[in-house]
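Trainee: Have a look at this one.
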Amino acid sequence: MRLAIVASAIALRAGLRAILNATAGSDSQRDSPEVIFEASSLNEFTALAPPVDVLLISAESVSRADLQQVLPEEPGWLAVLVISDSAQTARHLAGLPLHGWGVLPVETSAEELLAAVRAVYEGLIVGAPALLEPVIAPMQVVSSPERLQEPATLTERENQVLQLLARGLPNKQIAAQLGISEHTVKFHVSSIYAKLQATNRTEAVRSGILQGMISL
């Protein structure tokens, strides 16, 4: 996994690189993040960076125009993860032709950071619920089955998580059954919410039933 870090402060870039290097040792060789480029700004990244799989940005705020300038010529293969407490970041990321994207709060643990990097690399939408709310809130689920214009497309892992949600399992038990961490389960659940236009587990399961994803 080729990764670039964009942060204005040298110390912050060094800290993020150290976290990723220190926590990536137990990953498989294919999924292990390799920081191949660092930049102090998105302009510098756009001008000088080689192709990467994941772009990690740490900034107080980032605009949609800023993000559009980093999009590759062939859309759909770059994943972007932003570390920011701004509630507008998810709104700027939503709708861009990205492979995966996410928003994490500044006070994020090393374990959460690595899990989020791997999640967006796998094409998921991840983040703290409060930071994803500007995107999820307008997508309120209503009672009519006709509300769904097109069926949502979940990944194989998301389908597995959704089936276990339908059985009423908490995140800890889902993680144990699938052999993944609780943090990764949370990111899968967030991605499911976004794709099914749900704001909680009940709505996600109900939407899954309406779309024929779940058999009870």
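Trainee: Let me spell it out: the conditions are (1) at pLDDT 90 or above; (2) touching a strand residue (DSSP E or B) at 6+ places or on another chain (Cβ under 9 Å), and residue 126 meets all of them except one. Which number is the exception?
Mentor: (1)
Trainee: May I ask you to verify whether residue 112 is acidic (Asp, Glu), under 20 Å from residue 21 (Cβ atoms) and in contact (Cβ under 8 Å) with a residue 12 or more places away in the chain?
Mentor: In short, yes.
Trainee: Please go through the stretch 165-186 and pick out each residue that is surrounded by 16 or more Cβ atoms within 10 Å (Cβ to Cβ) and more than 18 Å from residue 115 (Cβ to Cβ).
Mentor: 165, 166, 169
Trainee: Read through the list (1) modelled with pLDDT of 85 or more; (2) not in a loop (DSSP other than H, G, I, E, B), then give the number of the only condition that residue 97 fails.
Mentor: Going through (1) modelled with pLDDT of 85 or more; (2) not in a loop (DSSP other than H, G, I, E, B) one by one, residue 97 breaks only (2).
Trainee: Looking at residue 182, is it acidic (Asp, Glu) and at pLDDT 80 or above?
Mentor: yes
Trainee: Being buried (at least 18 other Cβ atoms within 10 Å of the Cβ) and closer than 18 Å to residue 106 by Cβ is the filter here, so list the residues in the stretch 60-85 that pass it.
Mentor: Within the stretch 60-85, 62, 80, 81, 82, 83, 84 meet the criteria.
Trainee: Now for a different question. When the residues of the stretch 66-90 are filtered to those that are touching a Pro at 6+ places or on another chain (Cβ under 6 Å) and modelled with pLDDT under 85, which remaining residue is farthest from residue 54 (Cα to Cα)?
Mentor: This residue is 87.
Trainee: Next up: Restricting to the stretch 192-211, name every residue that is without any contact (Cβ under 8 Å) to a residue 24 or more places away in the chain and either touching a Cys at 6+ places or on another chain (Cβ under 8 Å) or not in a helix (DSSP H, G or I) (or both).
Mentor: 200
Trainee: Can you pull out every residue in the stretch 73-101 that is out of contact with any helix residue (DSSP H, G or I) (no Cβ under 6 Å at 6 or more places or on another chain) and aromatic (Phe, Trp, Tyr)?
Mentor: The answer is 77, and nothing else.
Trainee: Search the stretch 19-48 for residues being small (Gly, Ala, Ser) and modelled with pLDDT of 90 or more, and hand back the single one that is surrounded by the most Cβ atoms within 10 Å (Cβ to Cβ).
Mentor: Among those residues, the one meeting the criterion is 39.
The values are calculated or read from the model by the stated rules, or taken from the named source; none is laboratory data. This is a predicted model, so every value here is computed, not measured. We place every Cβ from the backbone using ideal geometry, glycine too, and count neighbours over all the protein chains shown.
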